[in-house]
Amino acid sequence: PSPPLSPNVEVSPSPSPSPIPSPVELPFQEFDTDLPIVELSRSVDVSSRVFIGDGESVIGIIVGDTVFTEAHVSDNGIISLERSFLFWQPSLFPTGNQNIQAANVFAAYWADVDNRVEGTVRYQVFTASEAESANNRRKKATEERNRLDIISEYIRESQNTNFTGKWALLVEWSDVHPFDHQSFFNSPFSFEGKTADFLNSTNTFQAIIITDVFTTYVIYTYKCGELEWSGPDFLHAVVGYNLPNVGFMNEPLSRTPAKLSIACENHPISNFVNIVYQFQANSDLPIMRCLNAYSQDI
């Protein structure tokens, strides 16, 4: 694990996108067995790099004036842009740590994870071209819609907008334990009471990034009963994002034991909770003018 962070600095949040209320729910998404699935190695504080783009109209994720061509999936509940983010100790954004202040991160459920023995962190990428070929193979486009279509439809219905995603990243943290679960697994009789219960608890949640280049949506999905731990004492989970050129967001109750309740906020009406953020590209960027002209020609 990384060294402890500096104490949080009291800074007023800058104007930034807020969660968008969603009357329509998006449940956990299944992975498409026709497409590659990448699983993170069994270790602690690890990440895997994802290249953003389809080789055609999607050249990256554009947020404001910045073009991001890489995403990094971390075992600790984080998706970062352009560079890996291996900080294990959750802290409210923007924090007193300059490295975290400068990082572009989406914190679906930032906590200190240990998947060395059990638990899985995996992801899958969907593009319009792959979706078309998959549907052609199945010949059942109307019955077995791919994940890209389903996620795009959710955005259209929940945000009341005309949106069709061209690239999406689906990440799932499945049955992940808190650190130091490996020690408990190897010597369970050396742990007693709440410590053993805590180390043996698991979390399952998902995060999605979907873009049409001009607009990018980030979706966090939780299911009631699937979040069992938040963190010990001062290390409780943080949910939100940090984008230095846009702003930051800490969801209510972040870094408190009560953050567990986020998964059951819609219960009993629904077992799922979605948090949705929307980010726009600066339409005045030269590259955006080129992409807009290209999209009108195809």
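The values are calculated or read from the model by the stated rules, or taken from the named source; none is laboratory data. Fair warning: this is a prediction, and the values are worked out from it, not measured in the lab. No Cβ is skipped: glycine too gets one built from the backbone with ideal geometry, and neighbour counts run over all protein chains shown. These accessible areas exclude ligands, DNA and RNA; they are computed on the full protein's heavy atoms, side chains included. Shrake-Rupley method; radii C 1.70, N 1.55, O 1.52, S 1.80 Å.
Find all pairs meeting these conditions: Cβ atoms under 7 angstrom apart; at least six residues apart or on different chains; first residue within the stretch 32-43 and touching a residue at least 60 places away in the same chain (Cβ under 8 Å); second residue in a loop (DSSP other than H, G, I, E, B).
ASP32/ASN146; ILE37/PHE31; LEU40/VAL46; LEU40/ASP75; ARG42/ASN115; ARG42/ARG116; SER43/ARG116
(1) within 18 Å of MET249 (Cβ to Cβ); (2) outside any loop (DSSP other than H, G, I, E, B); (3) at pLDDT below 90: which one isn't true of PRO19, the others all being true?
(2)
So which residues in the stretch 148-180 are farther than 22 Å from ILE62 by Cα and of a type in the set (D, E, K, R)?
GLU157, GLU172, ASP175, ASP180
Would you mind stating whether GLY64 is modelled with pLDDT of 95 or more and at positive phi?
no
May I ask you to verify whether ASN76 is within 24 Å of GLN182 (Cβ to Cβ), touching a Lys or Arg at 6+ places or on another chain (Cβ under 9 Å) and open to solvent by less than 30 Å² (accessible area, probe 1.4 Å)? I'd like the intermediate steps shown before the answer.
On the way: within 24 Å of GLN182 (Cβ to Cβ): yes; touching a Lys or Arg at 6+ places or on another chain (Cβ under 9 Å): no; open to solvent by less than 30 Å² (accessible area, probe 1.4 Å): yes.
The answer is no for ASN76.
Taking only the stretch 44-82 into account, find how many residues are assigned to a loop (DSSP other than H, G, I, E, B) and either of a type in the set (A, V, I, L, M) or over 20 Å from TRP173 (Cα atoms) (or both). If you could, list the steps in order and put the result at the bottom.
First, the residues of the stretch 44-82 that are assigned to a loop (DSSP other than H, G, I, E, B): 44-46, 52-60, 65, 69, 75-77, 82.
Checking the rest, the ones that are also either of a type in the set (A, V, I, L, M) or over 20 Å from TRP173 (Cα atoms) (or both) come to 44, 46, 52-60, 65, 69, 82.
The total comes to 14.
Between residues in the stretch 254-267 that are part of a helix (DSSP H, G or I) and residues that are acidic (Asp, Glu) and open to solvent by 40 Å² or more (accessible area, probe 1.4 Å), which pairs lie under 7 Å by C-beta distance while being six or more apart or on different chains?
Short answer, once both residue conditions are applied: ALA263/GLU226.
What number of residues within the stretch 252-298 are open to solvent by 50 Å² or more (accessible area, probe 1.4 Å), at pLDDT 90 or above and among the polar types (S, T, N, Q)?
5
Taking into account only those residues within the stretch 33-43 that are over 18 Å from the mean Cα position of the chain (by Cα) and either assigned to a strand (DSSP E or B) or surrounded by 16 or more Cβ atoms within 10 Å (Cβ to Cβ) (or both), which is modelled with the highest pLDDT?
Across the stretch 33-43, the extreme among qualifying residues is ARG42.
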